[in-house]
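One structure below.
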Amino acid sequence: MTNNTKDAYQSLVQHLTELAGSQEVDAILAALLTDKELQDIANRVRIFDLLQQGVTQRAISQQLGVGIATVSRGAKALQQQEEAINKLLQVHRR
């Protein structure tokens with residue numbers, strides 16, 4: 001990422017942490033992302049969840065209709081950010 005991109009991204013992160021609730025976060029994400037991008041994010045969360053349940057990458061790929069490379073990227077992210085993703089999944093599973 002370039003410095004300008006990093007600055008813009010960090011501004012977004014800071015703004016999201018200051019929002020009052022989920023409705024405001026939803027509004028910002030809906031304004032920033034396309035429907036496809038929102039679906040991709042939802043699929044990433046589902047990939048994390050299914051991986052932690054022990055579902056194979058191939059089965060996840062078939063179940064969600066995504067490529068095996070997408071699932072593999074999710075598995076790599078899960079390994080790299082396990083603590084943060086576990087917190088996300090606690091909310092997801094409620």
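The values are calculated or read from the model by the stated rules, or taken from the named source; none is laboratory data. As the structure is a computational prediction, the values presented were derived from the model and not from experiment. Glycine gets a Cβ as well: all are built from the backbone with ideal geometry, and neighbour counts include every protein chain shown.
Counted as qualifying within region 9-94 are the helices (runs of 4 or more DSSP H) with 3 or more residues that are surrounded by 11 or more Cβ atoms within 10 Å (Cβ to Cβ) and within 15 Å of the chain's Cα centre (by Cα), namely 22-32, 35-52, 68-80, 82-92. Of all residues in region 55-78, those that are without any contact (Cβ under 8 Å) to a residue 24 or more places away in the chain have Cβ atoms under 7 Å from Cβ atoms of residues that are loosely packed, with under 14 Cβ neighbours inside 10 Å and assigned to a loop (DSSP other than H, G, I, E, B), 6 or more apart or on another chain, in SER61/GLY67.
Quick grid of which residues meet (1) at pLDDT 95 or above; (2) in contact with an Asp or Glu (Cβ under 6 Å, 6 or more places away or on another chain); (3) among the polar types (S, T, N, Q):
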{"position": "ASP7", "(1), (2), (3)": "no, no, no"}
{"position": "HIS15", "(1), (2), (3)": "no, no, no"}
{"position": "GLU37", "(1), (2), (3)": "yes, no, no"}
{"position": "GLN63", "(1), (2), (3)": "yes, no, yes"}
